[in-house]
Structure formats: C-alpha cells, structure tokens
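A short reminder: the numbers here are calculations on the coordinates, not readings from a lab. The shown structure was predicted, so the numbers you read here are calculated from the model rather than taken from an experiment. Cβ coordinates were reconstructed from backbone atoms using ideal geometry, including for glycine residues, and neighbour counts include every protein chain displayed.
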Amino acid sequence: MKTTEDFCRVKLMAGPTPMYKLENVSRVLGKNIWIKRDDMTGVALGGNKVRKLEFLLADAVRKGAKTVLTTGGAQSNHAMLTAACCMRLGLKPVLLLKKRGVSDRRGNLLLSRLMGTDVRFVDTDSFEEINAMMDEIGRKTGEPYYTIPVGGSVPLGALGYVDCVHEMSVQAAERGVHIDRIVCATGSGGTHAGLALGAMLYMPGTKVTGMAVDTQEFDRIVPGIMRGTAELLGLEAKTDCEVGLRPAYGPGYALPSDEGSEAIRLMARCEGIFLDPVYTGKAFAGLIEMVRSGSLEQEENILFLFTGGAGGLFAIDFD
C-alpha cells in the first residue's frame, strides 16, 4: 500500500489546521461537537480545496503546464482558491464559471478580480460542455495546459482528504478523544470520498456523514471517487462502498435555506465562526437536524469539518 507521502505535491497548506471542541455549541445542542478548521489552510480566505490542490497543481507543474483551467458556479470557492494557489506557483489561472446565481463583483468574484484572474462566464449547466470548452481554450494558448474538474473532485484530489483524516487521527489521539462521526458538506463529492476512505484507513469505526448540498447522484459519485483513490494507493478497490448521505440542499444548490441561515447565526453567535450559505451553513444545519431528531447516540463525539467559504457570505443579502 502507498501513502499520500508517495505522491508528488506542492506545499500550499499552512497546516495542520486546528481541531478543538465547540464548547458553547456543544452546550446549546447537548452533544459533544468538535470542529476541524479547514477554513484556516493559509491561502486567500482558506478552505478545503487547498488540500486537493497540493496534489493537483503538483501534477500540473510536473507536466509542464503554464495555464490551469477550472470551473464551478459563479461564486465557486474552488475556482477562487485555484486562482490563488496558481498565483503562488506562477501559473496562469482561467476560470470558466456557470452564469448562475450572483455573478456581479461581490464575494469570491471580487477576490478573483483583485488577483487579476481571467474569469469567463458560460451559459450552460453541463459540466461536460464546460470541460470541452476548457480543453478548447487550453489548446488555443499554444502552451501546455492543465484542466481541473469542478471541485477538484477526482481521485488525485481526494488524496488531500485521506491525508486530512490521518491528521485528524493524530490530533484526536493527542487530545485523548475518539471521534465517532465526521460531518461534512458534500458538494462535488471529492472531500467526502477522501474522508470516507481515510476513515477506513486511519480511524476505523468512525462514521462519515455527508450533507448533500446539491441533488447530484452522490450515492454513485462518492463511491466512484473512493474506488479511484483506493486504486492510486494500491488498495483493493471495493465496488460496494457505502457512504453516509443526508439531503441538505434546501430550495436548491446555492440558494440559501432557512435552516442554513439559522445554523450560520448559531455558529456566529456561539463561537464567532462564520459559515457560508452554500456549503457549510447547510451542512451544519443538517448536523443540527440529526441532533434534534435523535439520530445520534447520546455520547457521540461529532467532528464538523469546516471547509471554509466565507467569501460567499459577502455575495448575498443576509437578514
């Protein structure tokens, strides 16, 4: 079996990121709630994509790429962070974003503009079409280029979250706590897949629950990425991977929900931590719903993976 140390990567992270108990939230909810602060990864406003990009951009550099193209929604955290990481490495980022949602110069689009990023909007919902467009733009540069699918959610990128679970396991041991469940947002599947595979390897007995913030077929997507990542590591690729999924998309992807807004306020007022309306607010709302519905064991230690995304808060009007 290989480990993540056997793969080429570039150093972008400022980690390990903090992990600690949310004392006030735990008291309010009557559960032991811990947090892993992957909003503090050290690039731009931080976020989970930096772990993936250490592997993906290393692959781009190894292949001699000069331009890196990626995609996402108009306020994509992944796209903004890809641009920021490319700036660090002297690569030219090109972002092809869906012209849906808040597409004026607010939130993550403002940050991308501050970096002088080449941002182009496309009027399609098909990532297959967008992937073809990225290849066409890349070819026209006349130089080596590298494309990263939405969210960096491919097996190579998911290695970042296999590595994150190893980091969590060390931190949990240092604190003398057993984490019974990891809760994360599931938006393109790669983070969830890496966590689930990492838990199998480094934290046996720990459940992983992904809060789906979109209506994609994550019960197919997440196991598929897990199998691909397992193959990279030289593990026997299981075809019957079970993943914990719960719906948390509210009225739809990138559309704020009442439950998500309540969760954002609770975290801000109890802990001074700012979740976002697209991913982490809805994921934390899903965790709250599990607590209130009695779906969790009384003494469970629950770790909430805060994947960042604060830029999205500044793209909406929040009452």
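Once fully extended, how much extra length lies between LEU255 and ARG88, figured as 0.36 nm per residue of separation less the alpha-carbon to alpha-carbon distance? Don't skip to the answer; put the middle values down first.
Numbers: separation 167, 0.36 × 167 = 60.12 nm, distance 3.18 nm.
Length difference between fully extended and current span is 56.9 nm.
Go ahead and run the numbers for FRET between GLU143 and GLU217, Cβ-Cβ distance against an R0 of 25 Å, rounding to 0.05.
E between GLU143 and GLU217, to the nearest 0.05, is 0.10.
Given labels modelled 7 Å from the Cα in the Cβ direction, how far is it in nm from GLN298 to ARG120?
With each label point 7 Å from Cα toward Cβ, the separation is 6.0 nm.
Rounded to the nearest 0.05, what FRET efficiency do GLU289 and ASP317 give with R0 = 35 Å and r taken as the Cβ-Cβ distance? Could you check?
Efficiency at R0 = 35 Å is approximately 0.90.
Going by amide H atoms built from the backbone, whose H comes under 5 Å of the H on PHE121, apart from near neighbours?
The list, which skips near neighbours in sequence, is LEU97.
For PHE304, which sequence-distant residues (separation of 5 or more, or a different chain) have an amide H within less than 5 Å of its own amide H, given hydrogens modelled in the peptide plane?
TRP34, ILE35, LYS36, VAL183
Please work out how much length the chain gains when fully extended from ARG113 to GLU271, using 0.36 nm per residue of separation minus the C-alpha to C-alpha distance, in nm with one decimal.
53.8 nm
Using the Karplus curve 6.51 cos²θ - 1.76 cosθ + 1.60 with θ = phi - 60°, work out ³J(HN,Hα) for each residue of region 173-181 in order, rounded to whole Hz, and write x for Gly and Pro.
Karplus values, whole Hz, x for Gly and Pro: 4, 5, 8, x, 10, 9, 7, 8, 8.
List the lysines whose Cα lies under 25 Å from the Cα of LYS92, skipping any in the same chain that are fewer than 8 positions away.
By straight Cα distance, LYS92 reaches LYS11, LYS49, LYS52, LYS63, LYS66, LYS140.
Multiply the residue separation of PHE127 and GLU236 by 0.36 nm, subtract the distance between their alpha-carbon atoms, and state the gained length in nm to one decimal.
Using 0.36 nm per residue and subtracting the Cα-Cα distance, I get 36.3 nm.
Helix 280-292: angle to the longest alpha-carbon principal axis of the chain, degrees 0 to 90, nearest 10?
20
Along the charge dipole of the chain, which of LEU95, SER26, HIS192 sits closest to the positive end, that is, farthest toward it, with unit charges on the beta carbon of Lys, Arg, Asp and Glu (+1, +1, -1, -1)?
Comparing the listed Cα positions along the dipole, LEU95 ranks first.
Enumerate the whole-percent occupancy of each 20 Å bin, from 0 to the last occupied one, for all C-alpha pair distances of the chain.
35, 59, 6
Pick out which of GLY152, GLY244, GLY160 has the largest mean-square fluctuation in a Gaussian network model of the chain, springs linking Cα atoms closer than 10 Å.
Result: GLY244 has the largest fluctuation of those listed.
Would you mind telling me which residue in VAL28, VAL213, VAL50 has the biggest mean-square fluctuation in a Gaussian network model of the chain, where springs connect alpha carbons within a distance under 10 angstrom?
VAL28
Out of the DSSP beta bridges found with both residues in the chain, what percent are antiparallel (nearest 5)?
Antiparallel bridges make up about 10 percent of those DSSP assigns within the chain.
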